[in-house]
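Chemist: What follows is a single structure, and I will ask about it in a moment.
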Amino acid sequence: QSFKLLGFLDVKNVPCARESVLYGSLGSLVMGLGHFLATSRVKRSCDVAVGGFICTMLGYWFYCRYNLAQQRIRQRMLKEGMKNRMLFEGSYLDPEKEQTGSERSDS
């Protein structure tokens, strides 16, 4: 079953959304609890926890989406390279084609 955060972010189907929310909640807990142990101020610690959630979630969101974009670019390049290899395999344009003895003596 799908879970929508704030009514529009479908956590199940959007890449990186689930991990961002989980890391955000962990960051919230760590920062809020750490601030409370350091200062013993409850209201300010809750504010720090909310800020920690937002910062951690957005930070991991951008990091994950950047890596996902890089991975998709590499996959696209690999797919095109494989298509070109199948297209040029055995032709004179094949970069891995071995030169014969007569071709070596000419160069």
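Quick note: the coordinates plus some simple rules give every number you see, no bench work behind them. Note that the structure is a prediction, hence the values are computed from the model and not measured. Note that we place each Cβ from the backbone using ideal geometry, even for glycine, and neighbour counts take in every protein chain shown.
Chemist: Tell me yes or no: at least one residue of segment 51-74 is in a helix (DSSP H, G or I) and farther than 24 Å from Val11 by Cα.
Modeler: Checked against the condition, which is being in a helix (DSSP H, G or I) and farther than 24 Å from Val11 by Cα, segment 51-74 yields at least one hit.
Chemist: Surrounded by 13 or more Cβ atoms within 10 Å (Cβ to Cβ), assigned to a helix (DSSP H, G or I) and of a type in the set (Phe, Trp, Tyr), is that true of Phe36?
Modeler: Against the criterion (surrounded by 13 or more Cβ atoms within 10 Å (Cβ to Cβ), assigned to a helix (DSSP H, G or I) and of a type in the set (Phe, Trp, Tyr)), Phe36 qualifies.
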